[in-house]
Structure formats: structure tokens, C-alpha cells
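Notes to accompany the following structure.
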Amino acid sequence: MDKLKEFRNSKKLSQKDIAIQIGVSPSYYYKVESGYQTPSYEFLLKFKKKFPNVSVDKIFF
């Protein structure tokens, strides 16, 4: 999930900060960004709701 990390860094957010903004636990966000966890549909929806101008396809797929 290098693209997710790049996106987060471009926003100058920590993993904890972006997790809180999206509405997921920091540990779950870490697992998604690290590639240990596949993002759930709910995670993708929350991400898209917080960042509507970002292509989920380009970051996650």
C-alpha cells in the first residue's frame, strides 16, 4: 500500500491522525497501510467520504 502511505504523507498526517479522520482505529489503519489487512468495503467508503476528490482505485487497486 505504498500509494496509501504516499497519499498520507502528502497530507502531512500521521497514521493515527488519518485513522481518526477516516473513523477507523489506528491499529486497523496501520494494518491496511502495511499490507497486512485488505481494506474492508466500509473502510473504502469512509476513506472516500473523507477524501471525495481522491480516486480509491488509484490508491488501493
Helices (runs of 4 or more DSSP H) enclosed by the range 3-61 - at least 2 residues per element that are basic (K, R)
41-50
Among the residues of the range 41-50, how many are touching a helix residue (DSSP H, G or I) at 6+ places or on another chain (Cβ under 8 Å) and either open to solvent by 90 Å² or more (accessible area, probe 1.4 Å) or closer than 17 Å to K3 by Cβ (or both)?
5
The condition from (1) free of Cβ contacts under 8 Å to residues at least 12 places away in the same chain; (2) closer than 15 Å to K3 by Cβ that S25 misses is numbered (2)
Might you check whether a residue that is surrounded by 14 or more Cβ atoms within 10 Å (Cβ to Cβ), out of contact with any Leu (no Cβ under 9 Å at 6 or more places or on another chain) and of a type in the set (A, V, I, L, M, F, W, C) occurs anywhere in the range 28-40?
no
Name every residue in the range 1-19 that is within 16 Å of N53 (Cα to Cα) and in contact (Cβ under 8 Å) with a residue 24 or more places away in the chain, in order of residue number.
K3, L4, F7, R8
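The values are calculated or read from the model by the stated rules, or taken from the named source; none is laboratory data. Note that the structure is predicted; figures quoted are calculated from it, not measured. Neighbour counts run over all protein chains shown; Cβ positions are idealised from the backbone, glycine included. The protein model used for the area step is the full one, side chains on, heavy atoms only, and it has no ligands, DNA or RNA in it. Shrake-Rupley method; radii C 1.70, N 1.55, O 1.52, S 1.80 Å.
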